[in-house]
Amino acid sequence: MQPMVDKLKFLYKPYVLAVLTIGYIAGELGHYLIGVTSRATAIELDYGDHACQQNHTEVERHTLPQQCADIIVEHECHQQHLNGTVYCEWNHNGLGLEYQLLAGPSFIAVFTVMGVVLGFAADRFNRVRMLWICTLVFAIAIFLQGSVNAYWQLILLRMVMAAGEAGCNPLATGIMSDIFPESKRALVMAIFNWGIYGGYGIAFPVGRYITKLDLWGLGWRVCYYGTGVLAIIMAFLTGTTLKEPERQSIGEEDAGKQKVSLVKVLLQPRVVLLMIAASIRHCGGMTFAYNADLYYNIYFPDVDLGWWLFAVTIGIGSIGVVVGGVVSDRFVAKLGVRSRVACLAISQLLATPFAVGSVYFEPLWAMITLGISYFFAEMWFGIVFAVLVEIVPVHMRSTVIGVFLFVMNNIGGNLPILVDPLAKAIGYRGSVMFFYAGFYGISTVLFFITMFFMEGPKPEPVAVEDRRNPQVEMGHENSTFQADDFINGVGGPKAHHNGHNIVTVRPTESSRL
């Protein structure tokens with residue numbers, strides 16, 4: 001039996017990645033379902049704006065004497081008819097300030113604070129056990145959202161869900177960075193963080209079509225019950241089948257047991273710039289995530305784009321995630337961590353004009369340009385965190401990720417609330433385009449500036465053999481973080497020169513990725 005277990009050990013790493021990713025997908029599906037079920041939820045729970053809407057999908061827009069979305073007076077809405085059939089209705093449209101608060105700030109407020117708290121805890125306690133508890137918390141919260149009878153209950157449960165889901169990224173990122181080598185880090189981080197887009201993409205068919213099926217007369221509630229059950233299963237697998245990995249040092253920042261303050265790490269110009277650029281990019285993505293289904297339903301009510309949005313997000317978005325990770329991992333070995341940030345800048349630059357098209361064009365070309373935009377845009381998330389874990393010390397890696405997510409989600413997750421007031425001034429389409437495609441473009445500039453604050457390529461290590469002392473090996477630095485007094489070997493491991501190269505003495509039990 002034991003030999004068979006040994007033969008299957010190679011499956012453990014991909015299994016860990018699969019469990020963590022599927023759990024994350026379930027959490028993000030629960031997070032983004034509100035954007036797709038909002039109209040049905042608003043009608044039943046009575047919140048948000050009322051508006052004139054087309055109520056017959058079989059009626060084509062170009063045959064109508066007047067578009068429902070252009071009517072702002074209720075009694076005029078009821079008077080619109082085609083061949084005797086009234087095709088407009090005045091009802092909740094799922095939008096409004098209450099929706100924006102429900103989708104964004106209520107979730108983000110708790111998510112970001114708990115992310116920092118759990119990030120600190122992850123550097124000190126068992127991460128697998130903590131992740132199991134976090135997954136169970138958000139799983140139960142998602143399940144209970146299907147049973148709410150009032151708006152305030154939905155708000156409260158989304159806050160509880162956020163508290164649990166806040167631990168997913170810092171805890172899972174720390175676990176994976178200790179399991180997978182540097183050569184696969186960006187790809188692994190990209191696959192895991194694709195869980196955000198996986199959950200978001202699956203939310204379109206689940207939220208649209210499961211709600212329409214009205215199974216057991218529960219409508220939109222079945223979506224939350226099913227998602228909650230899936231998340232509970234993943235919580236069970238996390239707690240019973242994963243084990244806490246030994247904490248590995250990515251670079252040499254702990255070689256001399258020197259501790260650098262958290263404030264000093266966070267105030268590095270490259271960390272600050274990366275944080276601001278990521279926050280702006282996140283705002284663009286969250287704007288589209290919270291408004292895509294509502295936007296296309298309002299402007300193209302006669303075209304069912306649910307499966308299109310699913311295919312673009314899951315299919316093309318997935319390819320972009322993998323390509324971004326592979327390209328980043330291939331270049332970083334030769335060009336240094338700066339190459340990862342270059343990938344970020346270039347990918348977002350290419351995505352921006354197509355993001356404009358996805359809002360500007362009619363359905364067919366909107367989906368085509370959205371697909372192209374997704375291919376380039378979705379490269380970003382995994383690469384950002386691959387960069388982050390390479391430029392901070394191992395002893396505060398999860399803490400920094402927690403703080404990073406706190407800032408990124410507070411800016412990126414809360415700014416979309418301004419879509420509603422701006423829409424009332426310039427129109428819903430213009431508002432979505434500004435916060436979505438416009439912020440893609442701004443992040444491109446910021447990533448480009450950040451690139452110049454990162455280290456470039458490092459000299460190739462030269463193999464050195466010392467038969468007298470097997471504990472002597474060639475110094476190899478794959479972390480770009482170093483304290484000021486660590487330069488030139490001060491405060492670091494003992495070193496001596498061997499020709500033109502530096503030979504670093506390390507204990508054999510030292511573990512590096």
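With all protein chains present, how much of the accessible area of the stretch 30-85 (probe radius 1.4 Å) comes from carbon and sulfur, to the nearest whole percent?
46 percent
Can you pull the Rg over Rh of the stretch 141-187, Cα-only, Kirkwood?
1.28
Ordered by packing density, taken as the mean number of other Cβ atoms within 10 Å over each peptide's residues, highest first, how do 163-169, 132-138 rank?
Going by the mean number of other Cβ atoms within 10 Å, highest first, we get 163-169, 132-138.
From the phi of every residue in the stretch 358-368, what ³J(HN,Hα) in whole Hz does the Karplus formula 6.51 cos²θ - 1.76 cosθ + 1.60 yield, where θ is phi - 60° and glycine or proline is x?
5, 9, 7, 7, 6, x, 4, 6, 5, 6, 5
Which residues does a label at residue 97 reach in the stretch 417-442, if reach means a backbone N under 11 Å from a point 7 Å past the Cα toward the Cβ?
Under 11 Å, as judged by backbone N against the label point of residue 97, lie 421 of the stretch 417-442.
In terms of modelled amide H atoms, which long-range or inter-chain residues lie less than 5 Å from the amide H of residue 95?
Answer set, sorted by chain and number: 49.
Mind ranking 268-276, 283-291 by how tightly packed they are, going by the mean number of other C-beta atoms within 10 angstrom, highest first?
283-291, 268-276
Loop only by DSSP, 13 or fewer other Cβ within 10 Å of the Cβ. Give me the chymotrypsin sites (Phe, Trp or Tyr not before Pro) in the stretch 396-455 that pass, ordered by residue number.
Here the chymotrypsin sites (Phe, Trp or Tyr not before Pro) that fit, given the DSSP loop and packing criteria, are 452.
Under 1.5 on a/c is rounded, so check that first for the stretch 362-421, then, if it is not, pick prolate when a/b is larger than b/c and oblate when it is not; a ≥ b ≥ c are the square roots of the alpha carbon gyration tensor eigenvalues.
oblate
Calculate what fraction, in whole %, of the accessible area of the stretch 116-215 sits on carbon and sulfur atoms when a 1.4 Å probe is rolled over the protein chains.
Answer for the stretch 116-215 is 76 percent, counting heavy atoms of protein chains only.
Is any residue of the stretch 183-221 close enough, with backbone N under 20 Å, to a label point placed 7 angstrom from the Cα of residue 330 along the Cα-Cβ axis, and if so, which?
It comes to 183-192, nothing else.
At 1.4 Å probe radius, can you tell me the per residue accessible area of the stretch 2-158 in Å²?
Per residue, the stretch 2-158 has an accessible area of 47 Å².
For a quick check: with amide H placed at 1.01 Å from N, whose amide H comes under 5 Å from residue 82's, ignoring anything fewer than 5 positions away on the same chain?
Correct list: 87.
Count charges around residue 110 for me, please; just the other residues with Cβ under 13 Å from its Cβ, Lys/Arg as +1, Asp/Glu as -1.
0
Modelling each spin label as a point 7 Å along the Cα-to-Cβ direction, I'd like the residue 129/residue 149 distance in nm, to one decimal.
Here the modelled spin labels are 4.0 nm apart.
So how much slack lies between residue 78 and residue 263, counting 0.36 nm per residue of separation and subtracting their Cα-Cα distance, in nm?
Gain on stretching residue 78 to residue 263: 60.6 nm.
If you count only protein heavy atoms with a 1.4 Å probe, what accessible area per residue comes out for the stretch 339-378, rounded to a whole Å²?
Using a 1.4 Å probe on heavy atoms only, each residue of the stretch 339-378 averages 36 Å².
Through the Karplus equation 6.51 cos²θ - 1.76 cosθ + 1.60, θ set to phi - 60°, convert the phi angles of the stretch 146-156 into ³J(HN,Hα) values in whole Hz; use x for Gly and Pro.
Whole-Hz 3J(HN,Hα) from phi for the stretch 146-156: x, 10, 5, 10, 8, 4, 5, 5, 5, 4, 4.
Evaluate the distance, in nm, between pseudo-label points positioned 7 Å from the Cα of residue 240 and of residue 212 along their respective Cα→Cβ axes.
So the two model labels end up 3.8 nm from each other.
How many Å² of accessible area per residue for the stretch 385-444, probe 1.4 Å?
26 Å²
So how exposed is residue 43, as accessible area in Å² (1.4 Å probe, rounded to 10)?
Number for this one is 70 Å².
Based on the mean of other Cβ atoms within 10 Å per residue, sort peptides 29-36, 205-212 so the most packed one is first.
Listed from highest to lowest mean packing, they are 29-36, 205-212.
The values are calculated or read from the model by the stated rules, or taken from the named source; none is laboratory data. As the structure is a prediction and not an experimental result, all values here were calculated from the model. Glycine also receives a Cβ, built like all others from the backbone with ideal geometry; neighbour counts cover every protein chain displayed. Heavy atoms of the whole protein, side chains included, go into the accessibility calculation; ligands, DNA and RNA do not. Shrake-Rupley method; radii C 1.70, N 1.55, O 1.52, S 1.80 Å.
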